[in-house]
Amino acid sequence: MVDLDLLLRWRSVLEIFILAVGIYFAFTFIRGTRGAPVVYGFIVLILSLTILAKALKLAVLSWILTTFTAFSAVAILVIFQPELRRILAELGTRPLFNTTHEQRENIEIIIQAIERLADARIGALIGLEQSIQLQEVVESGILVDCEATPEMLETIFFPNNAIHDGGVIIRGDRIAYAACIFPLTQRQDLNPSLGTRHRAAIGLTEETDAVVVIVSEETGSISHAYRGQLVRGVTAEKLRAFLTSVLVSRSQSRNFFAWIRARLRERHLTPGPAVVSKSETE
């Protein structure tokens, strides 16, 4: 009898834990999306009507609320249809585990593209998405969704191309979006001659954990930004070493299970002071 009571208690505790985790993840997923205000307003309205119906014993209103709740799941699917479709699409195309070899191959593609762009003095702004999704940024861009290759990146940034303005977002080994508008940094301690590309790179890395690589259109110099810090005038070898230290060392955090966690939470990063190695006008 004691074992049965203990089993029932553990079941209750387990149910409460599962519900608490589910509710927490649901609110974390909703937060920051365009449908969040609608859901919050809907919840406030339902709770207010429920309290009113219980307090005044309004039987008809209580019945309507009980019946309407059954259709709330359909309403959620309609409101968050774009977000759910995007997550399911990424889930279906993402491998279970990203290996170090795959990470190094992706880095080499970036290095080859940057070298070509720098030699030709073609301006470029490339954001490498990590665990924090760049949803607000990609909404301003154009969907590309193709394999990342040096030739494709060079084509996108080629002058007079329809989508050469703005930045490119790379997810894993694919070019996700082009012509994206990165948020500009609001810092006042930067060199006034710092160009728009570099300010946009700092701005994006201040708000996310993305890595941004920049090529100057005027001088062909290479720069990279991470966590709000900008390093300019680097060589291809130094860029390779930097990307390897950031991306390859975190390759285990890019597996399937971490991807699930990353989509359900956001990490808040405190950017450090921007590091500018030399002045450059762009």
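The values are calculated or read from the model by the stated rules, or taken from the named source; none is laboratory data. Remember, predicted model here, so these are calculated numbers, not experimental data. Cβ coordinates were reconstructed from backbone atoms using ideal geometry, including for glycine residues, and neighbour counts include every protein chain displayed. Please note that ligands, DNA and RNA were not included when accessible areas were found on the heavy atoms of the full protein model with its side chains. Shrake-Rupley method; radii C 1.70, N 1.55, O 1.52, S 1.80 Å.
Brief remarks on what is shown
- Segment ALA120-LEU61, extension gain: residue separation times 0.36 nm, minus the distance between their alpha carbons: 14.3 nm
- Debye, to nearest 20: dipole size of region 94-202, +1 on Lys, Arg Cβ, -1 on Asp, Glu Cβ: 320
- Cα gyration tensor, region 160-253 - rounded (a/c under 1.5), prolate or oblate: rounded
- Close amide H contacts of ALA148 (hydrogens built in the peptide plane, cut-off under 5 Å, sequence separation of 5 or more or a different chain): ARG174, ILE175.
- When the surface is traced with a 1.4 Å probe over the full set of protein chains, CYS146 keeps roughly 30 Å² accessible.
- Region 133-187: trypsin sites (Lys or Arg not before Pro) in DSSP loop, at most 15 other beta carbons within 10 Å: ARG187
- Shape category assigned to region 109-226 from the gyration tensor of Cα positions, a/c cut at 1.5: oblate
- Taking 7 Å steps out from each Cα toward its Cβ at PHE158 and PHE25 produces label points 4.5 nm apart.
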